[in-house]
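Working notes for the structure below.
Nothing in this text is a laboratory measurement; each read-out follows from the coordinates by a stated rule. Computed from a predicted model, the values in this text were never measured in an experiment. Quick reminder, even Gly has a Cβ in these numbers, built from the backbone with ideal geometry, and neighbours come from all protein chains shown.
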Amino acid sequence: MKKLLFVLGSFLALGAQAQDPVYRTSADIYLGLRKLNVLGSVLYVAAHPDDENTRLLAYLSKDRQYRTGYLSLTRGDGGQNLIGEEQGVELGLIRTQELLAARRIDGGEQFFTRAFDFGFSKTPVETFQKWDREKILADVVWVIRKFQPDVIITRFPTTGEGGHGHHTASAILAGEAFTAAADPKRFPEQLKWVQPWAAKRLLWNTFSFGSNNTIREDQFRFDVGGYNPILGKSYGEIAADSRSQHKSQGFGVPRGRGEALEYFKPIAGDPVRTDLMDGVPLTWERVPGAAPIKAAIDAAIGSFDFTHPEKTVPQLVVIHKALKALPESPWRNQKLKEVQDLVEGASGIWIEAFSPQPSAVRGDSVQIQVVVNNRLGARASLDRVRLEGLDTTLSGQLPVNRNVTIGRKLPVTDAVPLSQPYWLEERKAEGYFNVSDQTQIGAPELNRSYNARLQLTIEGESFEFVKPVRYKFTDPVKGEQYQPLAVLPAATIGIDPDVVLLNDQKTKKEVFMQVQVLAHRSINSRISFGFRPAAGRGGSLPKGPVVLSPGAVTSMSFQISDQDRPYGRQSDIGKASIEGIGPVDLQLHSINYNHIPTIRYFSADSLTVVKADLQTRGKKIGYIVGAGDKVPAALEQMGYDVTLLREKELARFNLKQFDAIISGVRAYNTNEWLNPHHEKLMKYVEDGGNLIVQYNTSNQIGPVKAKIGPFPFNISRNRITDENADVTFLKPQHPVLNFPNKITAADFAGWVQERSIYHASDVDPRFEKILSAADPGEAPDEGSLIIAPHGRGFFTYTGLVFFRELPAGVPGAYRLLANLIALNQKKEL
């Protein structure tokens, strides 16, 4: 029932903090006024979340006051996760929100393409084999045409110094898009919404990462380390706060102060002479007929009163009227938005739309409240409030500093979209998300289903403010909290466990699993269950109608048999049917962390059935908890009794009770408390135990400070990224390849994403190297699996990605792990 409890617990909404309403200080308003006179834009392009140069973005946005954007080609789905067990699409959802948090700090805007981060890639050739090159190029062109940057900057070069195939591919695509975006013959279908756009220049922001220094003193450079006295921070300090939002990647960094030079190499377009924006008109001269607007903005800046920002509102309204009178153009529209934001901030008018309910459920109703407070007494009236199912016309001036509240209980119809990220609505291809709606491409997140539209008249000018409806509640510890308002179906389905292992060692060759239907509103209906195709047999349907209240569950057990199943893995889609409601085939997933909003998404719930010729030895496993993975659940499927070991358990327990101890991924990176337990673990091995250490990283993310094994070895950044790479058995007679399962090349079929990461290097000769593999064009690497006898026991270090393969249901990964666990068991036969 672990999955079910996780979903139910998410609705308490105690674990994550959404973006609070925007609070604008007088400093923010003053800087916003100055930015009105700057008409320049820069787009930064790289491959992943955390690739961006936050110091440069902060400087460009907050010092030079350009409209600044970051285009990350992927959402970082293929990375590792330092804070939890989410991988793949779920990790991409987390990293998307981390990027948005970073942009709220450094002032940039965020964009994406449809490219899927399928894991580390060594060359752009491999990258483009999985990405649809033309499709992702079209997305980069689309973002350029919409954003219309004057200058485009890439983080990486096209020549490979970035070290990652995705990095190099991002630079290649940026160069191609720089030209293609200006060509009306390229991707003409986009011209229904956008126009061709020619940026002035394309630059590469050179770097010095470790031993890889691409900076040259003859390159164009400028200092981005200045101090902003209005904000009270240097751009290095702002950048560090921004970069430290990438918590799932462990990228917390110290705040920088003092001079910081950034270097640039020209790639295409006009050369740089003295300034990044050479040849780019940066004032209102680039908009015909806009000269009077500059004068009005200058007057507003000159008379701005930090203690009474509301005095600027009449001037802002004059600017707004003048902008509306101009012909339609991108800069006119952009500055209209900026002026409206300043009117809202300077006037002190508070606008929010919220629900006291965490979710709106189709077929039910939702309570929504809209609150407006004219806190500084602006000359303003509330004229109209509109949202799904509500359209109210009002009249009269807003009183000073009093809440005006409009509350309604609204029906939630089937026409209200579910809270599903738009890039997950269609079935994903291997290397990219499918998104049919062109206008959604590039957007960082889903559009909220409920948005309140408020029409206000301020100083005689009409404005429409759009506010997403959020769930608002009070936490007894954290106080007032906001979360996204989730739109849910009447019920969702869950399968527990979602991976079932049919093990030939079991006498009955069958296991039990449960299908659960979670109600999100009151249900009094007959419910039936099934699979597509049928995976189970047995199980009794509820007799008569089932009465369920919100949050309640009905479940039934199915008996899963290996009868007529081939060896390997199969996926079966779970499906329920509720009389009066219809089919229920979506599972609700919730992701909760303190630093990002609660994330909810849906998938067609599936059961992965793995039939394997699997033999095991040993019974009791101690699992040292690392950064988070799903290996313990897989071990339980294999029939082991798993005990999770944290600091207290490792210190207190007699380790002799365990047939094997396995450390979770990055355990030595994330747990400094492992350091003093090295001798205890080695004594466990000497006395006949079996210690298996899964991969740890060698970079700045929690450097390994402790000894890990009985003999010296280092951890490199070497890896095998080709999941289909041929594997050579260096020690074919070694027990790990023969007992209790005979490992063959077939056991390495069907692996996902990669073979192995963070290999052992500089290995003491007392270790035996078991496997060898190579990526295309590279020499074989023998560091993915090393084993050493020590005393009467065994120590293993492995970079093989069991944490990916076991949840994916790869039979050979189960068999090989069983052999590692059995290393100290053969003597008992």
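Quick one: which residues, 5+ away or cross-chain, put their amide H under 5 Å from the amide H of SER234? H built at 1.01 Å from N.
Under 5 Å from the amide H of SER234 lie the amide H atoms of ASN228, each far enough along the sequence or on another chain.
I need the phi-derived Karplus couplings for region 38-53: 6.51 cos²θ - 1.76 cosθ + 1.60, θ = phi - 60°, integer Hz, Gly and Pro marked x.
Along region 38-53, the couplings run 10, 10, x, 8, 9, 10, 9, 10, 8, 9, 9, x, 5, 7, 5, 8 Hz.
For region 636-695, take the convex hull of the Cα atoms, compute a quarter of its surface area, and give me that in nm², please.
Result: a mean projected hull area of 4.3 nm².
Which three numbers, in whole Å and largest first, are the semi-axes of the equivalent ellipsoid of region 586-724 derived from its Cα gyration tensor as √(5λ)?
Largest first, region 586-724 gives 28, 22, 17 Å.
How are the C-alpha pair distances of region 308-372 spread across 5 Å bins, as whole percents from the shortest bin up?
Spelled out per bin, shortest first, that is 4, 15, 18, 14, 11, 11, 10, 10, 6, 1.
If you put +1 on each Lys and Arg Cβ and -1 on each Asp and Glu Cβ, how big is the dipole of region 344-466 around its Cα centre, in Debye rounded to 20?
About 440 debye.
Compute the signed sum of charges (Lys and Arg +1, Asp and Glu -1) over the other residues within less than 10 Å, Cβ to Cβ, of GLY279.
-1
Once the piece of chain linking VAL125 and ASP270 is laid out straight, how much longer is it, given 0.36 nm per residue of separation minus the C-alpha distance between them?
49.3 nm
Using the Cα centre of the chain as the reference point, and only Cβ charges (+1 on K/R, -1 on D/E), how large is the resulting charge dipole? Debye, rounded to the nearest 20.
So the dipole magnitude of the chain works out to roughly 1240 debye.
Using the structure shown, select from LYS680/LYS742; LYS620/LYS769; LYS575/LYS619; LYS233/LYS478; LYS35/LYS337; LYS200/LYS335 the pairs with a Cα to Cα distance greater than 24 angstrom.
LYS680/LYS742; LYS620/LYS769; LYS575/LYS619; LYS233/LYS478
How many percent of the alpha carbon pairs in the chain exceed a separation of 39 Å?
Cα-Cα pairs in the chain separated by more than 39 Å: 46 percent.
State the percent of C-alpha pairs, over all pairs in region 613-828, separated by a distance greater than 31 angstrom.
Value for region 613-828 (Cα pairs over 31 Å): 11 percent.
Can you compute the FRET efficiency between ALA295 and ALA27 using 1/(1 + (r/R0)^6), with r the Cβ-Cβ distance and R0 = 30 Å? Round to the nearest 0.05.
0.80
With a/c under 1.5 counting as rounded, go ahead and sort region 40-282 into rounded, prolate or oblate using the C-alpha gyration tensor (a ≥ b ≥ c being the square roots of the eigenvalues; past the cut-off, prolate if a/b is larger than b/c, else oblate).
The shape class here is rounded.
Out of all DSSP beta bridges with both ends in the chain, state the antiparallel percent to the nearest 5.
70 percent
Sort PHE802, PHE147 so the one with the fewest other Cβ atoms within 10 Å of its own Cβ comes first.
PHE147, PHE802
For SER419, enumerate residues with amide H under 5 Å from its amide H, sequence gap 5+ or separate chain, H modeled in the peptide plane.
Close amide H contacts, sequence-distant or interchain: VAL487.
Quick one: net charge around PRO776, please, counting Lys, Arg +1 and Asp, Glu -1 for every other residue with C-beta under 10 Å from its C-beta.
-3
Highest mean first, what order results for 277-283, 358-364, 54-60, 91-97 on Cβ atoms within 10 Å?
The packing order, highest mean first, is 54-60, 91-97, 358-364, 277-283.
Once amide H atoms are built 1.01 Å from N in the peptide plane, which residues 5 or more positions from SER606, or in another chain, come under 5 Å H to H?
Residues meeting the criterion, in which the H sits 1.01 Å from N, are GLY574.
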